[in-house]
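Just below is one structure, and these are the notes that go with it.
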Amino acid sequence: MTLAYNDTATLDRVRRDLRAFHAHLDRALFGRRFCALPRERRTAFVAVPEHVATNTHLHMVLRMAADRKAEFEAMLPDDRSQFWARWAQRGTHKLVPLYDADGWAKYCLKLMTVEGDWFYSDEFLADTAFRSAA
């Protein structure tokens, strides 16, 4: 999946938007008590930001509960759906099945340096945030 701002966004804003996107996604898939679900049941992702200074977008790979795949795809039917636009006013997305994990990784990491930024969904889970603050 690619989430594009079609604008610039700071990494702090990207992190806030991803946190909200993740919560909204799981709430839509699992209902209001999604936070009580075990981590293994929740949606997980790795997101790699690219071109933050000029055209911020994120390349993501997602893992979701198999019994929620149809609902997930229905929420994001085309690149102009309003789901991502809640956080990125001019934003678009592209959802494509992952057939070549090695190719995806090479493409996403092409501009990444050792100090590069990336986001993992676990950083947005309450128990993880609590443990890391302790």
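The values are calculated or read from the model by the stated rules, or taken from the named source; none is laboratory data. Source: prediction; values computed, not measured. A quick note on method: Cβ atoms are made from the backbone with ideal geometry, for glycine too, and the neighbour counts reach across all protein chains shown.
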Considering PHE21, PHE45, PHE34, which residue is under 23 Å from GLY103 (Cβ atoms) and among the aromatic types (Phe, Trp, Tyr)?
-> PHE45
Kindly provide the set of residues from the range 1-14 that are crowded, with 16+ Cβ neighbours inside 10 Å and out of contact with any Leu (no Cβ under 9 Å at 6 or more places or on another chain), ordered by number.
-> ALA9
If you go through the range 56-101, how many residues are out of contact with any helix residue (DSSP H, G or I) (no Cβ under 9 Å at 6 or more places or on another chain) and aromatic (Phe, Trp, Tyr)?
-> 1
Within the group ARG27, ARG32, which residue is in a loop (DSSP other than H, G, I, E, B) and without any contact (Cβ under 8 Å) to a residue 40 or more places away in the chain?
-> ARG32
Complete set of residues in the range 31-54 that are under 21 Å from LEU3 (Cβ atoms) and either among the small types (Gly, Ala, Ser) or more than 17 Å from the chain's Cα centre (by Cα) (or both) | ALA44, ALA47, ALA53, THR54
Candidates ARG68, ARG90 - the one that is outside any strand (DSSP E or B), modelled with pLDDT of 75 or more and either surrounded by 12 or more Cβ atoms within 10 Å (Cβ to Cβ) or in contact with a His (Cβ under 8 Å, 6 or more places away or on another chain) (or both) = ARG68
First in the range 90-104 and within 8 Å of MET1 (Cα to Cα), second anywhere and not aliphatic (A, V, I, L, M), Cβ under 6 Å, 6 or more apart | HIS93/ASP79; HIS93/TRP84; LYS94/THR2; LYS94/ASP79
